[in-house]
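This report concerns only the one structure given below.
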Amino acid sequence: MSSQVRIWYVSSQRLCNFRCTYCVSINDYAKSTSQHWLTPQEEADFETIVRWMGGTPYRVGVRLATLGEPFASRGFLTRAAWLSKQENVDFIELLTNGSLLKRRLEQLDREGDITKFSLWVTHHETEISVERFIDNARFAQERYGCFVVVNALLFPDNEEYITRLRAAAKEADLRFNLDLGYDPLTPHGTLSKIDSMVPVLGAEDGIQRARRLGADPEVLDLNIGAMRDLRDRSCSAGHRYFYIGPRGDVFRCSRYQSLGIGKLGNVLDDGFVLPLGESASTPCRAGFGCGNKEDYLHLSRRLQDEMASVPSLGWTGVADRLQFASEA
C-alpha cells in the first residue's frame, strides 16, 4: 500500500434529491434540482478524468465525489463502476446521503466490482428519517459488503438528534463518525470567522460537546488547529495524495485549490502526468483555514499511517480503533 496514490476528485455532477440548507455546494459549484451536468462538456470532462485515473501507471485509491448526490445519477454510477474494474484501482469511496442505496447499489454490483466500494453516508435530519437511513446503510453493509461509515454533522442545536443517530448506528452494527457542521456562507478569509464557519465552536462547551458525542479527540484537535494556524506545519499532501477539482485542476489539497496557489496542472491537458512529490512532506503555505479531513489528516504522520489500514480517505481508525460505534 505504500506505493498507492490517493486522490480526492470532486466531479461536476450536480443533481441532488435533498435540499439541505447548510449544503456546501454553492455559487459556481452549486448543486441542481434538475440537471446532472450544466453542459455536455462537464460530462465529457468527467469521463476523461475517470479514464485517466483508471489508466495511471500506479495504484490509486479514489474518493469520487459529486457536487450533488452520486446515487441520483445512473451515468455517474456507470463511470464509477467502470473505474472499479480497473486493475490499478484499490478502492473507491462515495459520499452519499444514503436515500437511494436500495435502488441503485444493484447497478454498481452489476456493472462494476462492488467489493471495492466504501460509502461515507451522511445523515441529513430534515430530509430522511433516522429509521430509513439506518436501514439503507445496513442494507449496503450486509447485502453488498460495502465498507460503510454513518456520518453525522454537529451543530449547536442538534445534540439530542446526534445521540439518537449514534445509538441507532450502534444497534445496527454500523461504524459511526461525528464531524463538525460548517456554515457554507461564512467566508474563510479571516481567522476571526472560524467560530462562525463552524457554529458549534461558538458555544462555550462546543469542543467538549463534540468529544462527548463521539468525535475522535485527536482528529478534532487536528481539525481545529488546522483551521486556525498552519504556519510552520509540514504536510504530506502533494506526495501521495492529491485533490482534483471539477474542472480538472490538480492541487496538493483542496485548500490550495480554494486559495489558487500551487496548481500542479490539469488532468484534461494532453500528456498530463501527476507530479509525485519527491519529499515525504513539505511546509504548508495555506496559513490557516484547512477544514477538510481529507487534507488536514496529512498534517499528522501517525494518523496517515492509521488511514492506510482501511479502504477510506475519510475514516481514521486503526485496526484496534476500527470498531463499531463505541459505548456512549
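The values are calculated or read from the model by the stated rules, or taken from the named source; none is laboratory data. Every value quoted in this text rests on a predicted model; they were computed, and no experiment measured them. Here the Cβ is made from the backbone with ideal geometry for all residues, glycine too, and neighbour counts use every protein chain on show.
Quick notes on this structure:
- Scope the range 275-305; condition in contact with a helix residue (DSSP H, G or I) (Cβ under 9 Å, 6 or more places away or on another chain) and in a loop (DSSP other than H, G, I, E, B); matching residues: ALA280, SER281, CYS284, ARG285, ALA286, GLY287, PHE288, GLY289, CYS290, GLY291, ASN292, SER300
- Scanning the range 185-208 for residues that are modelled with pLDDT of 75 or more and closer than 26 Å to VAL150 by Cα turns up MET197, VAL198, PRO199, VAL200, LEU201, GLY202, ALA203, ASP205, GLY206, ILE207, GLN208.
- Filtered residues of the range 104-119 (kept if in contact with a strand residue (DSSP E or B) (Cβ under 8 Å, 6 or more places away or on another chain) and among the aliphatic types (A, V, I, L, M)): LEU108, LEU119
- Test result for SER300, crowded, with 20+ Cβ neighbours inside 10 Å, at pLDDT below 90 and at negative phi: yes
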